[in-house]
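Engineer: Before we start, here is the structure in question, set down as C-alpha coordinates.
The values are calculated or read from the model by the stated rules, or taken from the named source; none is laboratory data. Note that the structure is predicted; figures quoted are calculated from it, not measured. Here the Cβ positions follow ideal geometry from the backbone for every residue, glycine too, while neighbour counts run over all protein chains shown. The area values use the complete protein model at the heavy-atom level, side chains included, leaving out ligands, DNA and RNA. Shrake-Rupley method; radii C 1.70, N 1.55, O 1.52, S 1.80 Å.
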Amino acid sequence: MSFTIWIFIDDKTILDDVILILLGLCTIYLAWVIIPYTPLGKQMIDKVTLDKDEKPFNLLVSNVYQDNTDYHKLVNLINKNNPDIVFLLETNKAWMENIREATDEFPYKIEVPLENTYGLLFYSKLPIRFHEVNYLISTEIPSIIVDVEYNNEIVRLYGLHPTPPVPQENEESTERDAEILITGKAAKEYGKACIVFGDMNDVAWSRTTKLFLKTSQMLDPRRGRGMYNTFHEKYWFLRWPLDHYFLSSQFRLVDMKIEDSVGSDHFPISISVVLRKDDTSGEMELDTEEKQEVEEKIEDGIEKGDAN
(Lines give C-alpha, C1' and ligand atoms only; values in the text may rest on other atoms or scores of the structure.)
Protein backbone atom coordinates (compact mmCIF):
# COMPACT_ATOMS: atom_id res chain seq x y z
CA MET A 1 0.00 0.00 0.00
CA SER A 2 2.72 2.48 0.99
CA PHE A 3 4.78 1.50 -2.09
CA THR A 4 1.76 2.17 -4.38
CA ILE A 5 1.24 5.60 -2.81
CA TRP A 6 4.94 6.33 -3.31
CA ILE A 7 4.71 5.65 -7.05
CA PHE A 8 1.98 8.27 -7.52
CA ILE A 9 3.73 11.06 -5.62
CA ASP A 10 4.46 13.71 -8.24
CA ASP A 11 7.22 15.66 -6.53
CA LYS A 12 9.42 12.79 -5.37
CA THR A 13 13.15 13.18 -6.06
CA ILE A 14 15.96 10.83 -7.02
CA LEU A 15 16.92 10.82 -3.34
CA ASP A 16 13.44 9.58 -2.47
CA ASP A 17 13.83 6.72 -4.96
CA VAL A 18 17.24 5.82 -3.55
CA ILE A 19 15.83 5.74 -0.03
CA LEU A 20 12.96 3.51 -1.17
CA ILE A 21 15.38 1.09 -2.86
CA LEU A 22 17.59 0.97 0.24
CA LEU A 23 14.56 0.30 2.44
CA GLY A 24 13.55 -2.51 0.11
CA LEU A 25 17.03 -4.04 0.27
CA CYS A 26 17.02 -3.79 4.06
CA THR A 27 13.64 -5.54 4.17
CA ILE A 28 14.95 -8.37 1.97
CA TYR A 29 18.07 -8.74 4.10
CA LEU A 30 16.12 -8.81 7.37
CA ALA A 31 13.72 -11.38 5.94
CA TRP A 32 16.70 -13.54 4.94
CA VAL A 33 18.06 -13.29 8.51
CA ILE A 34 14.74 -14.12 10.16
CA ILE A 35 13.40 -16.86 7.85
CA PRO A 36 15.49 -19.65 9.48
CA TYR A 37 13.57 -18.97 12.71
CA THR A 38 10.15 -19.36 11.09
CA PRO A 39 8.32 -22.49 9.90
CA LEU A 40 9.79 -21.73 6.46
CA GLY A 41 13.29 -22.47 7.75
CA LYS A 42 15.04 -25.82 8.01
CA GLN A 43 14.80 -27.50 11.39
CA MET A 44 18.11 -28.34 13.08
CA ILE A 45 16.64 -30.92 15.45
CA ASP A 46 13.72 -33.32 15.07
CA LYS A 47 10.63 -33.21 17.26
CA VAL A 48 9.54 -36.65 18.46
CA THR A 49 6.79 -38.41 20.38
CA LEU A 50 7.99 -40.28 23.44
CA ASP A 51 8.08 -44.06 23.36
CA LYS A 52 6.25 -45.84 26.15
CA ASP A 53 9.43 -46.57 28.06
CA GLU A 54 10.97 -43.08 27.65
CA LYS A 55 11.08 -40.43 30.36
CA PRO A 56 11.52 -36.86 29.15
CA PHE A 57 14.18 -34.49 30.50
CA ASN A 58 12.35 -31.31 31.51
CA LEU A 59 14.08 -27.98 32.13
CA LEU A 60 12.90 -24.50 33.08
CA VAL A 61 14.90 -21.26 32.71
CA SER A 62 13.77 -17.93 34.13
CA ASN A 63 15.48 -14.57 34.47
CA VAL A 64 13.38 -13.35 37.39
CA TYR A 65 14.47 -9.66 37.33
CA GLN A 66 16.11 -9.06 40.69
CA ASP A 67 13.83 -6.17 41.79
CA ASN A 68 10.70 -8.18 41.01
CA THR A 69 8.90 -9.35 44.16
CA ASP A 70 6.20 -11.56 42.63
CA TYR A 71 7.82 -14.61 44.18
CA HIS A 72 4.54 -16.52 44.32
CA LYS A 73 4.21 -16.45 40.53
CA LEU A 74 7.48 -18.33 40.09
CA VAL A 75 6.61 -20.72 42.92
CA ASN A 76 3.31 -21.51 41.20
CA LEU A 77 5.01 -22.03 37.85
CA ILE A 78 7.60 -24.43 39.26
CA ASN A 79 4.95 -26.38 41.14
CA LYS A 80 2.73 -26.56 38.05
CA ASN A 81 5.46 -27.63 35.61
CA ASN A 82 7.32 -29.95 37.99
CA PRO A 83 10.56 -29.77 35.94
CA ASP A 84 13.64 -31.89 36.52
CA ILE A 85 15.91 -28.84 36.34
CA VAL A 86 15.27 -25.20 37.28
CA PHE A 87 17.82 -22.53 36.39
CA LEU A 88 17.09 -19.02 37.74
CA LEU A 89 18.97 -15.82 36.94
CA GLU A 90 19.22 -12.35 38.50
CA THR A 91 18.62 -14.02 41.84
CA ASN A 92 19.70 -12.61 45.19
CA LYS A 93 19.17 -13.88 48.75
CA ALA A 94 15.63 -12.52 48.84
CA TRP A 95 14.73 -14.63 45.82
CA MET A 96 16.48 -17.68 47.20
CA GLU A 97 14.57 -17.49 50.48
CA ASN A 98 11.15 -16.53 49.10
CA ILE A 99 10.85 -19.45 46.68
CA ARG A 100 11.80 -22.17 49.18
CA GLU A 101 8.22 -23.45 49.06
CA ALA A 102 8.96 -24.72 45.55
CA THR A 103 12.72 -25.33 45.60
CA ASP A 104 12.68 -27.40 48.81
CA GLU A 105 11.23 -30.14 46.61
CA PHE A 106 14.56 -30.35 44.78
CA PRO A 107 17.15 -32.45 46.63
CA TYR A 108 20.13 -31.13 44.65
CA LYS A 109 21.03 -27.43 44.71
CA ILE A 110 23.69 -25.00 43.52
CA GLU A 111 22.97 -21.57 44.93
CA VAL A 112 25.02 -18.47 44.11
CA PRO A 113 22.83 -15.55 45.21
CA LEU A 114 24.32 -12.14 44.42
CA GLU A 115 23.11 -8.57 44.73
CA ASN A 116 24.64 -7.42 41.42
CA THR A 117 21.89 -8.92 39.15
CA TYR A 118 24.15 -11.85 38.22
CA GLY A 119 23.19 -14.28 40.96
CA LEU A 120 22.11 -17.76 39.85
CA LEU A 121 20.18 -20.59 41.45
CA PHE A 122 20.17 -24.14 40.10
CA TYR A 123 17.85 -26.87 41.34
CA SER A 124 17.69 -30.48 40.25
CA LYS A 125 15.56 -33.51 40.99
CA LEU A 126 18.19 -35.61 39.24
CA PRO A 127 21.44 -36.57 41.00
CA ILE A 128 24.32 -34.15 40.47
CA ARG A 129 27.52 -36.10 39.79
CA PHE A 130 29.82 -33.11 39.24
CA HIS A 131 29.58 -29.34 39.28
CA GLU A 132 31.70 -26.21 38.98
CA VAL A 133 30.94 -22.55 39.52
CA ASN A 134 33.17 -20.57 37.16
CA TYR A 135 33.96 -16.91 36.57
CA LEU A 136 35.09 -17.12 32.97
CA ILE A 137 35.51 -13.42 32.15
CA SER A 138 34.48 -11.33 35.14
CA THR A 139 34.98 -11.98 38.85
CA GLU A 140 31.41 -10.73 39.35
CA ILE A 141 29.61 -12.94 36.82
CA PRO A 142 29.32 -16.66 37.58
CA SER A 143 28.45 -19.50 35.26
CA ILE A 144 28.02 -23.18 36.04
CA ILE A 145 28.88 -26.62 34.69
CA VAL A 146 26.74 -29.44 36.08
CA ASP A 147 26.67 -33.15 35.30
CA VAL A 148 23.31 -34.72 36.13
CA GLU A 149 22.30 -38.35 35.87
CA TYR A 150 19.32 -38.80 33.55
CA ASN A 151 18.04 -42.26 32.63
CA ASN A 152 21.32 -43.84 33.78
CA GLU A 153 23.34 -41.50 31.55
CA ILE A 154 25.29 -38.34 32.31
CA VAL A 155 24.13 -35.08 30.75
CA ARG A 156 26.35 -32.03 31.09
CA LEU A 157 24.67 -28.63 31.52
CA TYR A 158 26.37 -25.29 30.91
CA GLY A 159 24.44 -22.41 32.49
CA LEU A 160 25.25 -18.84 31.45
CA HIS A 161 24.22 -15.23 32.00
CA PRO A 162 26.91 -13.03 30.40
CA THR A 163 26.85 -9.26 30.64
CA PRO A 164 24.63 -7.47 28.08
CA PRO A 165 26.09 -4.90 25.66
CA VAL A 166 24.13 -1.91 26.96
CA PRO A 167 25.45 1.53 28.01
CA GLN A 168 24.59 1.18 31.70
CA GLU A 169 26.50 -2.12 31.98
CA ASN A 170 28.92 -2.61 29.11
CA GLU A 171 29.13 -0.52 25.96
CA GLU A 172 30.59 -3.38 23.91
CA SER A 173 29.73 -7.04 23.46
CA THR A 174 33.37 -8.16 23.83
CA GLU A 175 33.03 -9.91 27.18
CA ARG A 176 29.65 -11.43 26.41
CA ASP A 177 30.89 -12.83 23.09
CA ALA A 178 33.97 -14.34 24.71
CA GLU A 179 31.98 -16.09 27.46
CA ILE A 180 29.54 -17.58 24.95
CA LEU A 181 32.34 -18.78 22.65
CA ILE A 182 34.47 -20.19 25.49
CA THR A 183 31.45 -22.25 26.49
CA GLY A 184 30.96 -23.35 22.90
CA LYS A 185 34.52 -24.62 22.73
CA ALA A 186 34.10 -26.46 26.04
CA ALA A 187 30.91 -28.16 24.83
CA LYS A 188 32.64 -29.26 21.64
CA GLU A 189 35.62 -30.64 23.57
CA TYR A 190 33.31 -32.48 25.97
CA GLY A 191 31.92 -34.35 22.98
CA LYS A 192 29.00 -36.07 24.74
CA ALA A 193 25.37 -35.25 25.58
CA CYS A 194 25.17 -31.66 26.80
CA ILE A 195 22.94 -28.58 26.90
CA VAL A 196 23.95 -24.92 26.98
CA PHE A 197 21.20 -22.77 28.44
CA GLY A 198 20.39 -19.50 30.16
CA ASP A 199 19.99 -15.80 29.41
CA MET A 200 22.67 -15.22 26.77
CA ASN A 201 21.84 -11.52 26.30
CA ASP A 202 22.11 -12.23 22.59
CA VAL A 203 19.57 -12.98 19.88
CA ALA A 204 19.40 -16.28 18.03
CA TRP A 205 20.46 -14.84 14.66
CA SER A 206 23.45 -12.77 15.79
CA ARG A 207 26.95 -13.26 14.43
CA THR A 208 28.12 -14.47 17.84
CA THR A 209 25.36 -17.06 18.18
CA LYS A 210 26.12 -18.38 14.69
CA LEU A 211 29.79 -18.66 15.61
CA PHE A 212 28.78 -20.41 18.83
CA LEU A 213 26.70 -22.98 16.93
CA LYS A 214 29.59 -23.69 14.60
CA THR A 215 32.16 -23.77 17.41
CA SER A 216 30.13 -26.07 19.65
CA GLN A 217 28.40 -27.99 16.83
CA MET A 218 25.27 -27.79 18.94
CA LEU A 219 21.73 -27.42 17.63
CA ASP A 220 19.16 -24.65 18.05
CA PRO A 221 15.63 -26.05 18.56
CA ARG A 222 14.15 -22.69 17.54
CA ARG A 223 15.30 -23.11 13.94
CA GLY A 224 12.37 -23.90 11.67
CA ARG A 225 9.87 -23.43 14.51
CA GLY A 226 9.68 -19.81 15.63
CA MET A 227 11.29 -17.00 17.58
CA TYR A 228 10.17 -18.00 21.07
CA ASN A 229 10.70 -14.41 22.19
CA THR A 230 11.40 -14.02 25.90
CA PHE A 231 12.20 -10.29 26.24
CA HIS A 232 10.70 -7.69 26.86
CA GLU A 233 7.62 -8.92 28.72
CA LYS A 234 6.10 -5.43 28.97
CA TYR A 235 6.18 -4.59 25.26
CA TRP A 236 4.23 -7.07 23.11
CA PHE A 237 5.15 -5.15 19.96
CA LEU A 238 8.91 -5.28 20.60
CA ARG A 239 10.18 -8.68 21.72
CA TRP A 240 13.14 -10.85 20.83
CA PRO A 241 14.78 -14.12 22.02
CA LEU A 242 17.42 -13.67 24.72
CA ASP A 243 16.93 -16.88 26.71
CA HIS A 244 18.12 -20.04 24.98
CA TYR A 245 18.57 -23.79 24.96
CA PHE A 246 21.21 -25.28 22.68
CA LEU A 247 21.30 -29.06 22.41
CA SER A 248 23.96 -31.54 21.42
CA SER A 249 23.14 -33.94 18.60
CA GLN A 250 22.11 -36.77 20.93
CA PHE A 251 18.88 -34.97 21.85
CA ARG A 252 15.45 -34.82 20.23
CA LEU A 253 12.86 -32.18 21.03
CA VAL A 254 9.63 -33.20 22.74
CA ASP A 255 8.27 -29.71 23.45
CA MET A 256 9.36 -26.12 23.99
CA LYS A 257 7.22 -23.36 25.42
CA ILE A 258 7.25 -19.72 26.51
CA GLU A 259 5.64 -19.74 29.94
CA ASP A 260 3.33 -17.20 31.55
CA SER A 261 4.88 -14.10 33.07
CA VAL A 262 6.29 -14.25 36.59
CA GLY A 263 6.49 -10.45 36.89
CA SER A 264 9.93 -10.19 35.29
CA ASP A 265 10.98 -8.38 32.12
CA HIS A 266 11.76 -11.87 30.74
CA PHE A 267 9.29 -14.65 30.13
CA PRO A 268 10.36 -18.05 31.48
CA ILE A 269 11.07 -20.67 28.83
CA SER A 270 10.76 -24.44 29.28
CA ILE A 271 11.90 -27.37 27.20
CA SER A 272 11.34 -31.10 27.20
CA VAL A 273 13.87 -33.33 25.42
CA VAL A 274 14.87 -36.96 25.19
CA LEU A 275 18.12 -38.76 24.44
CA ARG A 276 18.20 -40.80 21.27
CA LYS A 277 20.83 -42.03 18.81
CA ASP A 278 23.37 -39.40 17.78
CA ASP A 279 22.33 -37.44 14.68
CA THR A 280 24.93 -34.95 13.43
CA SER A 281 23.09 -33.95 10.25
CA GLY A 282 22.14 -30.52 11.63
CA GLU A 283 25.59 -29.55 12.85
CA MET A 284 27.47 -26.56 11.43
CA GLU A 285 31.24 -26.19 11.17
CA LEU A 286 33.67 -23.29 11.29
CA ASP A 287 35.81 -22.40 8.32
CA THR A 288 39.40 -21.21 8.74
CA GLU A 289 38.56 -17.51 8.90
CA GLU A 290 35.77 -18.12 11.42
CA LYS A 291 38.12 -20.14 13.65
CA GLN A 292 40.49 -17.19 13.73
CA GLU A 293 37.60 -14.82 14.47
CA VAL A 294 36.48 -17.00 17.40
CA GLU A 295 39.97 -17.06 18.89
CA GLU A 296 40.32 -13.29 18.53
CA LYS A 297 36.95 -12.68 20.20
CA ILE A 298 37.91 -14.94 23.10
CA GLU A 299 41.31 -13.30 23.51
CA ASP A 300 39.76 -9.81 23.43
CA GLY A 301 37.16 -10.76 26.03
CA ILE A 302 39.69 -12.35 28.40
CA GLU A 303 41.96 -9.29 28.05
CA LYS A 304 39.09 -6.93 28.81
CA GLY A 305 37.77 -9.00 31.72
CA ASP A 306 39.31 -9.28 35.17
CA ALA A 307 38.95 -13.01 35.89
CA ASN A 308 42.25 -14.14 34.36
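Engineer: Kirkwood hydrodynamic radius of the stretch 167-308 from all distinct Cα pairs, in Å? It would help to have the intermediate numbers written out before the result.
Structural biologist: Values: mean 1/r = 0.0620 Å⁻¹.
The Cα-based Kirkwood calculation yields 16.1 Å.
Engineer: Rounded, prolate or oblate, given the Cα gyration tensor of the chain, with a/c below 1.5 counting as rounded?
Structural biologist: In terms of gyration-tensor shape, prolate.
Engineer: Return a single number: how many Lys pairs in the stretch 120-224, at a sequence separation of 8 or more or on separate chains, have alpha-carbon atoms below 19 angstrom apart. Walk me through the intermediate numbers first.
Structural biologist: Working: Lys185/Lys210; Lys185/Lys214; Lys188/Lys210; Lys188/Lys214; Lys192/Lys214.
Final tally of qualifying lysine pairs is 5.
Engineer: Further question on the same structure: Test of understanding: in a Gaussian network model of the chain with alpha carbons linked when under 10 Å, which of Val155, Val48, Val294 would top the mean-square fluctuation ranking?
Structural biologist: Of the options given, Val48 has the highest mean-square fluctuation.
Engineer: Ok, one more. What shape does the stretch 259-308 take by its C-alpha gyration tensor, where a ≥ b ≥ c are the square roots of the eigenvalues and a/c under 1.5 counts as rounded, a/b above b/c as prolate, and the rest as oblate?
Structural biologist: Details: a/c = 3.03, a/b = 1.23, b/c = 2.46.
Taking the square roots of the gyration eigenvalues as a ≥ b ≥ c, the stretch 259-308 is oblate.
Engineer: Another one. Mind checking the stretch 269-302 for GluC sites (Glu not before Pro) that DSSP puts in a loop (not H, G, I, E or B) and that have at most 12 other Cβ atoms within 10 Å?
Structural biologist: Numbers: sites: Glu283, Glu285, Glu289, Glu290, Glu293, Glu295, Glu296, Glu299; in loops: Glu283, Glu285.
Here the sparse-neighbourhood loop sites are Glu285.
Engineer: Given a 1.4 angstrom probe, what's the average accessible area per residue across the chain, in square angstrom?
Structural biologist: On the way: 15220 Å² over 308 residues.
Solvent-accessible surface per residue comes out at 49 Å².
Engineer: Can you tell me how the stretch 93-182 classifies by the Cα gyration tensor, rounded, prolate or oblate, using a/c under 1.5 as the rounded cut?
Structural biologist: Values: a/c = 3.06, a/b = 1.45, b/c = 2.11.
Verdict is oblate for the stretch 93-182.
Engineer: Which values, in whole Å and largest first, are the semi-axes of the equivalent ellipsoid of the stretch 210-276 obtained as the square root of 5 times each eigenvalue of the Cα gyration tensor? Before the final figure, lay out each step's value.
Structural biologist: Values: eigenvalues 114, 41, 17 Å².
Ellipsoid half-lengths, sorted descending, are 24, 14, 9 Å.
Engineer: Over the stretch 132-200, what relative contact order in percent results from Cα pairs under 8 Å that are six or more residues apart?
Structural biologist: Details: 102 pairs, mean separation 20.8, N = 69.
Averaging sequence separation for qualifying contacts and normalising by length gives 30 percent for the stretch 132-200.
Engineer: Convex hull over the alpha-carbon atoms of the stretch 138-245: what's its volume per residue in Å³?
Structural biologist: Working: hull volume 13.9 nm³, N = 108.
Residue-normalised Cα hull volume stands at 129 Å³.
Engineer: Charges on Cβ only, +1 for Lys and Arg, -1 for Asp and Glu, centred on the Cα centroid of the chain; of Ile34, Phe87, Met256, which one is farthest towards the dipole's positive end?
Structural biologist: With unit charges placed on the Cβ atoms, the residue in question is Met256.
Engineer: So which trypsin sites (Lys or Arg not before Pro) in the stretch 18-121 pass both tests, a DSSP loop state and at most 12 other Cβ atoms within 10 Å of the Cβ? Before the final figure, lay out the partial values.
Structural biologist: Details: sites: Lys42, Lys47, Lys52, Lys73, Lys80, Lys93, Arg100, Lys109; in loops: Lys42, Lys52.
Sparse-neighbourhood loop trypsin sites (Lys or Arg not before Pro): Lys42, Lys52.
Engineer: Per 5 Å bin from zero, what fraction in whole % of the C-alpha pairs of the stretch 51-126 is there, up to the bin with the longest pair?
Structural biologist: The distribution over the stretch 51-126 is 3, 16, 30, 25, 14, 5, 3, 2, 1, 0, given as percents.
Engineer: In percent, what relative contact order does the chain have, based on Cα pairs under 8 Å that are 6 or more apart in sequence? Don't skip to the end; give the middle numbers.
Structural biologist: Numbers: 625 pairs, mean separation 64.5, N = 308.
For the chain, the relative contact order is 21 percent.
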